Each structure stands twice: as structure tokens, then as C-alpha cells.
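The values are calculated or read from the model by the stated rules, or taken from the named source; none is laboratory data. Small disclaimer: the values here were computed from a predicted structure and weren't measured. All Cβ positions, glycine included, derive from the backbone under ideal geometry; neighbour counts span all protein chains shown.
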Amino acid sequence: MGDNVVLAREGPIATVTMSRPDKRNSLSDPMLTELGAAFGELRDDASTRVVIVTGAPPVFSAGADAGLRSSMSAEERRRAMASRKSQFRRLFERANTVLESLEQVTIAAINGHAVGGGWGLTLACDFRWAAAEAQLWIPEVDLGVALGVGSTTRFVRLVGPALTKEIILECRRYTATEAQALGLVHRVVPGVDLLKAVREYAERLAAKPFRALAECKARINTIARAGMPDVNAMTEGFLDRA
């Protein structure tokens, strides 16, 4: 795909790996562009049934790459984040929207810390498996900026407004087990076993009838986004599909 993202296919399973380990897989403009391209390529790939999203060790993603330096003052960091946000949000939401709309089942393999946009990226996946050692947090408010609307909306859909306020406003770190208790992580396994366990789960899903899997996923997403839909209209639409 490029220097920042690796797309690998093995049978019906594709793995998208964020690969900037020296930058803790922070989400630069080129990485976000490559992520969007990878997800777009998979959208049109009839041979892929399950997509795994992960990061090159030792972390999943440190979030937005704002070019921050340890020598910066708090105000300098705030200004750098604020100036980066507009472009970041545009590219981030473009990639996330394609990921979220994939017909294939998607699994985030959270192999290490997932920070800010890194955690937000996992919310666009259908399933989230995390290494026991992983921590997840949203630092934006402490940095003087607001979390993007897309990630905020996904948090609200998954855990409701009260817990979303706690997660975003407090900026505290959650262990993988705590995130699982909130419903934001499905499974927690030792880090050394994570990718093997996710792969085995992906193989079980890939063995199921794809059309039924895709249609059920689409219906659940429609209900989550819009509340209870017109069931008859939904049924008619799916019956018309080949």
C-alpha cells in the first residue's frame, strides 16, 4: 500500500497493519490516506470475508500525529493539535467511514496502547479484541481540543452518553479489562496470543455463509444508527438482493 500501511491477504482473511513503529503508529496524513485506500480496495474484493486491523508492535496506535515535541509548552502543544485537527478529522473520518461500511466482518486486534484516534479507529470495527497489557484513553480534552464528532458518535452508540462523557472528559487510561467491562472490547487475551486468537476467530466467521453474515451486519448497523427501522422495508430490500 505504501510506507505506512501493510495489506496482507491469506485466503478469505485480510490483515491491515499500521506500520510506523518508530512513531508508535501515529496517524499521519499519509497513513490515513493509505488506510482509506486499503479499506477501499477491500470493499471491492469479493474473495475477502473478514478484515483484521492491527498495528505494528509494540502499540496499536498513539493517535493523531501532530508533530508534538517533548520540549513544547502546554500552550504550544494545544496550538499544534488545534491546527492539525481539521485535516486530521477529514482524512480520519474518510478512512473510518469506509471501514465501518465494509460488508466484510471487521476485527480490531488491539495489540498495544490505543490512544485518541487510535482508540477511535477501533470503534469503526465490528469486533475489538485486546491484549491484556493494552491501555486505551482519549487525551484530547487535556490537550485543549475536542474529540471529533465521528468518534464521539461511535462512543455514544456503543456505551451511551453518560459513559461517553466519562471517557472523553476525564481523559483517564482504561485497561483492556476495564474497556471490556464497558462493552468497548469483546475479548481480552495475553498479548503473545492475541493475533493467533483473532486469526482463529476470523476463520470461524469466514466459514459462515457470507451473504447472511453481511446482511445481518448491515441490519444491525442500520438499527444502531437510526433506531428501529421499517422492518418490512428492510426485509424487502434484502430479498431483492442476489
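Confirm whether THR164 is in contact with a helix residue (DSSP H, G or I) (Cβ under 6 Å, 6 or more places away or on another chain), assigned by TED's automatic domain parsing to the domain that holds ALA56, part of a helix (DSSP H, G or I) and closer than 21 Å to GLU93 by Cα. Write out each step before concluding.
Values: in contact with a helix residue (DSSP H, G or I) (Cβ under 6 Å, 6 or more places away or on another chain): yes; assigned by TED's automatic domain parsing to the domain that holds ALA56: yes; part of a helix (DSSP H, G or I): yes; closer than 21 Å to GLU93 by Cα: yes.
So THR164 passes the test.
Residue by residue through segment 39-57, note down the ones that are part of a helix (DSSP H, G or I) and not basic (Lys, Arg).
Once the filter is applied, which keeps residues that are part of a helix (DSSP H, G or I) and not basic (Lys, Arg), segment 39-57 yields PHE39, GLY40, GLU41, LEU42.
Out of everything in segment 167-196 that is under 15 Å from the mean Cα position of the chain (by Cα) and assigned to a loop (DSSP other than H, G, I, E, B), what residue ends up being farthest from THR54 (Cα to Cα)?
Among those that are under 15 Å from the mean Cα position of the chain (by Cα) and assigned to a loop (DSSP other than H, G, I, E, B), it is GLY183.
Among what's in segment 1-31 and is within 21 Å of ALA64 (Cα to Cα) and acidic (Asp, Glu), pick the residue that is surrounded by the fewest Cβ atoms within 10 Å (Cβ to Cβ).
ASP22
Among the candidates GLU236, GLU215, single out the residue that is at pLDDT below 55 and not assigned by TED's automatic domain parsing to the domain that holds THR48. Walk me through it before giving the result.
Values: GLU215 fails: at pLDDT below 55.
Checking each option against the conditions leaves just GLU236.
Out of all the residues in segment 128-150, is one or more under 16 Å from the mean Cα position of the chain (by Cα), assigned to a helix (DSSP H, G or I) and surrounded by 21 or more Cβ atoms within 10 Å (Cβ to Cβ)?
No, every residue in segment 128-150 fails to be under 16 Å from the mean Cα position of the chain (by Cα), assigned to a helix (DSSP H, G or I) and surrounded by 21 or more Cβ atoms within 10 Å (Cβ to Cβ).
Please go through segment 40-61 and pick out each residue that is of a type in the set (Gly, Ala, Ser) and either in contact (Cβ under 8 Å) with a residue 60 or more places away in the chain or crowded, with 23+ Cβ neighbours inside 10 Å (or both).
Initial filter on segment 40-61 (of a type in the set (Gly, Ala, Ser)): 40, 46-47, 55-56, 61.
Listed by number, the residues that qualify are GLY55, SER61.
Name, by its number, the condition in (1) more than 26 Å from GLU10 (Cβ to Cβ); (2) without any contact (Cβ under 8 Å) to a residue 40 or more places away in the chain that does not hold for ALA224.
Every listed condition holds for ALA224 apart from (2).
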